[in-house]
Ligand SMILES: [Zn+2]
């Protein structure tokens with residue numbers, strides 16, 4: 001065995017060992033939650049009618065979900081997810097009760113009727129219970145039961161990480177989005193429920209002193225986007241003249257916040273203007289656009305963006321970029337609305353690829369500034385957010401176990417995309433790439449690979465090492481260089497195998513593009529004495545190998 005092979009073997013052993021250690025922390029429940037099990041794979045979701053009663057006094061949700069599906073291949077066991085301590089009380093098909101068993105958060109439903117390939121079937125799942133109460137929504141999610149200043153109930157769900165099955169029974173995996181959906185929510189008659197889509201009708205159940213709000217969603221929707229927001233709401237609206245015609249914008253806020261909201265929510269229209277410009281038409285005209293006040297910070301609930309930023313600019317009044325630009329807009333309105341394009345229009349097939357949601361959306365914050373305040377403001381903002389980058393672990397998580405990667409999917413992701421914009425070096429082309437993404441993957445679930453392939457194709461060069469570097473690795477590529485006798489020797493260090501992205505530098509203030517690889521290249525014919533500076537818009541490091549490493553920083 002020669003030395004190279006020996007080291008390769010050691011490397012393989014080490015990486016297998018660390019992989020084994022990593023996978024050991026995942027449980028069977030994680031696999032059942034995060035993978036496309038045989039009991040999920042055979043059927044394709046077409047329709048949900050979620051019909052629930054919300055009892056605020058006892059913090060109980062009960063009701064039924066009618067699930068329609070198409071049979072892709074014959075099978076007789078169906079996986080339905082509903083988390084402890086919620087219970088399924090009955091499941092029927094063609095009015096006949098079905099047997100089922102429970103394994104933690106998963107129900108195995110035994111079907112009696114033959115499931116013929118291509119046929120459309122339906123099951124009705126009855127359920128009830130007190131769902132997990134969110135410890136720290138929207139991150140540590142579940143239900144939030146609060147009261148407003150007037151003592152009225154103020155209730156909402158936020159369950160992105162934990163999953164929609166924390167409060168209702170569904171096929172709780174992002175790969176299969178339901179094609180359309182009805183949501184009926186019964187609440188005490190003094191309260192209103194705002195869910196996704198359009199309000200079709202309201203039933204007043206006088207005897208029970210309740211009201212039932214019926215909402216209809218006419219587009220594919222991801223599970224975690226489904227929401228109930230319940231409170232003593234006041235309502236106002238406007239019509240936005242957008243790229244696809246007239247878009248109804250409806251705003252629901254606590255009655256005593258109406259005047260503040262009328263002022264603060266002007267950012268909604270500014271967001272739609274900016275993001276339609278960069279990303280293309282708002283993806284859900286049929287369902288309208290809504291902002292709904294909730295008792296937590298906010299969430300990208302499809303066509304019903306929830307808001308709890310306290311009617312302050314910035315992120316709860318703070319500027320994430322440290323440049324001042326972050327205080328010129330309401331972070332939650334811009335960020336959560338940005339998710340209508342990336343998260344709701346284009347959804348990850350596995351949460352390991354959640355950067356597709358968060359990187360593009362964090363990036364949309366600077367595009368908003370670019371539209372309203374110009375390119376310099378936008379660059380300052382996105383460079384400013386680098387202070388939040390940890391480089392602790394890769395942005396992509398583990399597949400098939402419902403595991404997402406590092407929080408760097410926000411601002412490292414945004415800076416990766418800002419770097420890509422520099423490489424494209426043509427803003428109109430860059431805009432057409434971003435708009436093209438929303439067209440190519442309109443209302444679809446996608447993988448990182450699909451997004452990568454699309455971007456490489458449109459950029460016109462193989463960008464795989466670029467994505468390997470920023471999404472699958474924590475190292476920051478560093479332009480290493482050496483100056484001697486009017487020559488510049490340069491290469492990428494700290495980089496993944498084959499990393500070869502071009503970079504813009506300034507040599508004695510003059511712009512120059514280099515095409516470094518991981519081996520040394522030379523630029524000849526420079527003055528005897530010269531200065532090299534990497535364009536700070538690239539999220540890379542630089543190191544004069546005769547000197548020392550420094551992170552490329554924006555100029556003050
Ligand atoms: Zn987000």
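For the chain, what is the calculated [θ] at 222 nm in deg cm²/dmol (nearest 500), taking -39500 (n - 2.57) for each run of four or more DSSP H residues and dividing by its residue count? Walk me through the numbers before you get to the answer.
Details: 12 runs with 139 residues, N = 556.
The helix contribution divided over the chain gives -7500 deg cm²/dmol.
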Open item on the list: Contact order normalised by length for region 57-203, with contacts defined as Cα pairs under 8 Å and 6 or more residues apart; what percent is it?
Closed with: 25 percent
Open item on the list: If I fit a long axis through the Cα atoms of helix 375-384 and take the longest principal axis of the Cα atoms of the chain, what angle between them do I get, 0 to 90°, rounded to 10?
Closed with: 80 degrees
TODO: Take every Cα-Cα distance within the chain, group them into 20 Å bins from 0 onward, and report for each bin the whole-number percent of pairs it holds.
DONE: 20, 49, 25, 5, 0
Open item on the list: Quick check: residue separation of residue 270 and residue 95 times 0.36 nm, minus the Cα distance between them. What number comes out in nm?
Closed with: 58.0 nm
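With 10 angstrom as the radius, rank 110, 182 by how many other C-beta atoms surround their C-beta, starting from the fewest. Each step should come with its number before you reach the end.
Details: 110 12, 182 17.
In order of increasing Cβ crowding within 10 Å: 110, 182.
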- [ ] With just the Cα atoms of region 415-556, tell me how far they stretch along each of the three principal axes, in Å, largest first.
- [x] 56, 29, 29
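Please work out the Kirkwood hydrodynamic radius for region 150-266, using every pair of different C-alpha atoms, and report it in angstroms with one decimal place. Working shown, then result.
Details: mean 1/r = 0.0628 Å⁻¹.
About 15.9 Å for region 150-266.
Which ordering of 297, 111, 50 is given by a fewest-first count of other beta-carbon atoms within 10 Å? Let's see the in-between values first.
Values: 297 21, 111 18, 50 25.
The fewest-first ordering by Cβ neighbours comes to 111, 297, 50.
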- [ ] For residue 112 paired with residue 535, estimate the spin-label separation in nm (one decimal), with each label point 7 Å from Cα along the Cα-to-Cβ line.
- [x] 6.8 nm
Open item on the list: Starting from the 7 Å offset along Cα-to-Cβ, what nm value, one decimal, do you get for the label separation of residue 444 and residue 524?
Closed with: 4.8 nm
TODO: Kindly provide the Kirkwood hydrodynamic radius of region 487-556 in Å, to one decimal, from all pairs of distinct alpha carbon atoms.
DONE: 12.7 Å
Task: FRET E, pair residue 510, residue 392, Förster distance 45 Å, beta-carbon r, rounded to 0.05 - done: 0.75
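May I ask you to compute the full-extension gain from residue 318 to residue 209, defined as 0.36 nm times their residue separation minus their alpha-carbon distance, rounded to one decimal in nm?
Details: separation 109, 0.36 × 109 = 39.24 nm, distance 4.26 nm.
Computed gain between residue 318 and residue 209 is 35.0 nm.
Looking at the chain, send over the antiparallel percent of its DSSP beta bridges, to the nearest 5.
Taking every DSSP beta bridge within the chain, about 80 percent pair in antiparallel fashion.
FRET efficiency for residue 550 and residue 260, Cβ-Cβ distance as r, R0 = 60 Å, nearest 0.05?
On the way: r = 45 Å, r/R0 = 0.75.
Efficiency at R0 = 60 Å is approximately 0.85.
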- [ ] Have a look at region 243-318 and give its Rg and Dmax from the Cα atoms, expressed in angstrom.
- [x] 12.6, 35
- [ ] Report, to the nearest 10°, how far helix 427-440 tilts away from the longest principal axis of the Cα atoms in the chain, using its own Cα long axis and a range of 0 to 90°.
- [x] 30 degrees
Task: Folded to 0 to 90 degrees: helix 266-279 orientation relative to the chain principal axis, Cα - done: 60 degrees
TODO: State whether region 231-357 is rounded, prolate or oblate according to the following rule on the C-alpha gyration tensor (a ≥ b ≥ c being the square roots of its eigenvalues): a/c under 1.5 gives rounded; otherwise a/b larger than b/c gives prolate, and the remaining case gives oblate.
DONE: rounded
TODO: Mind pulling the per residue volume of the convex hull built on the Cα atoms of region 449-491? Å³ is fine.
DONE: 73 Å³
- [ ] Nearest 5 is fine: what % of DSSP beta bridges in region 102-181 come out antiparallel, could you say?
- [x] 90 percent
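Sequence gap at least 6, Cα distance under 8 Å: using those rules, report the relative contact order of region 273-333 to the nearest whole percent.
Numbers: 82 pairs, mean separation 13.8, N = 61.
With pairs under 8 Å counted, the relative contact order is 23 percent.
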Open item on the list: So if I restrict to the alpha-carbon atoms in region 44-145, what is the Rg, and what is Dmax, the biggest pairwise distance, in Å?
Closed with: 15.1, 45
Task: Linear extension gain, residue 489 paired with residue 277, 0.36 nm per residue minus alpha-carbon span - done: 72.2 nm
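Give me the compactness ratio for region 71-204, meaning the Cα radius of gyration over 2.2 N^0.38 Å. Before the final figure, lay out each step's value.
On the way: Rg = 17.1 Å, N = 134, 2.2 N^0.38 = 14.1 Å.
Ratio of Rg to 2.2 N^0.38 Å for region 71-204: 1.21.
Nearest-5 percent of antiparallel DSSP beta bridges in region 217-362? Provide the component values of the computation, followed by the final result.
On the way: 13 of 22 bridges.
About 60 percent, rounded to the nearest 5.
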TODO: Give me Rg over Rh for region 306-431, both radii from the alpha carbons and Rh done the Kirkwood way, two decimal places.
DONE: 0.97
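None of the figures in this text is laboratory data; all of them are computed from the coordinates on show. Values in this document were obtained by computation on a predicted structure and should not be read as measured data. Cβ coordinates were reconstructed from backbone atoms using ideal geometry, including for glycine residues, and neighbour counts include every protein chain displayed.
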